[in-house]
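Data block below; observations after.
The values are calculated or read from the model by the stated rules, or taken from the named source; none is laboratory data. Everything quoted here is computed from the prediction, not taken from an experiment. Protein only, heavy atoms only, side chains kept; ligands, DNA and RNA dropped before computing areas. Shrake-Rupley method; radii C 1.70, N 1.55, O 1.52, S 1.80 Å.
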Amino acid sequence: MAEIIQRDGTWAFDGSTVRITPGLHRTVPLFRQTYGEIAVPLEAVSGVVFEPERKRGRPRARRVRRPPAAGRRGAAPRRPSRRTVARLRELGELHRSGVLTDEEFAMTKAAVLRGF
C-alpha cells in the first residue's frame, strides 16, 4: 500500500483503489472536510502521477490518451454491406408505397442497423 500524507489530506493506494481522505488542517476547504473520504477505482485515475518537488511532492493529473473506439468521434466509420444497403432500400420502398407504417418502418430499420 502506498500513501501520500500532507497537511490537506491523505492519498492511499491499495492496488485497485485510490482513497482520498481530507485533512483537518485549517487550509482544507470546509466542503472537502464535510464530504469526507472518497474511494476512486484505479481505472478512473489512470493518468494521476506523483511528481516530487524540492520540498514536497504533489499528485498531478495527466491526460490519458486512448485509441478511438468504434462509434466514437475520430474513429473511421464502418461501411454497411451490400446486403444491408439493399434491405434498407427495400424497406424505404415498402414505406413509400404504404405497406409499412412509420412506426413499423422505424422499428425494422433500427433492427437492420443494429445487425449492421
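Net length available on complete extension from V40 to R96 is 14.9 nm, with 0.36 nm assigned per residue and the Cα-Cα distance removed. Among R19, R78, R26, the order of accessible area from largest down is R26, R78, R19, computed with a 1.4 Å probe on protein heavy atoms.
Annotation: D102 carries an accessible surface of approximately 110 Å², with a 1.4 Å probe and no ligand, DNA or RNA atoms counted.
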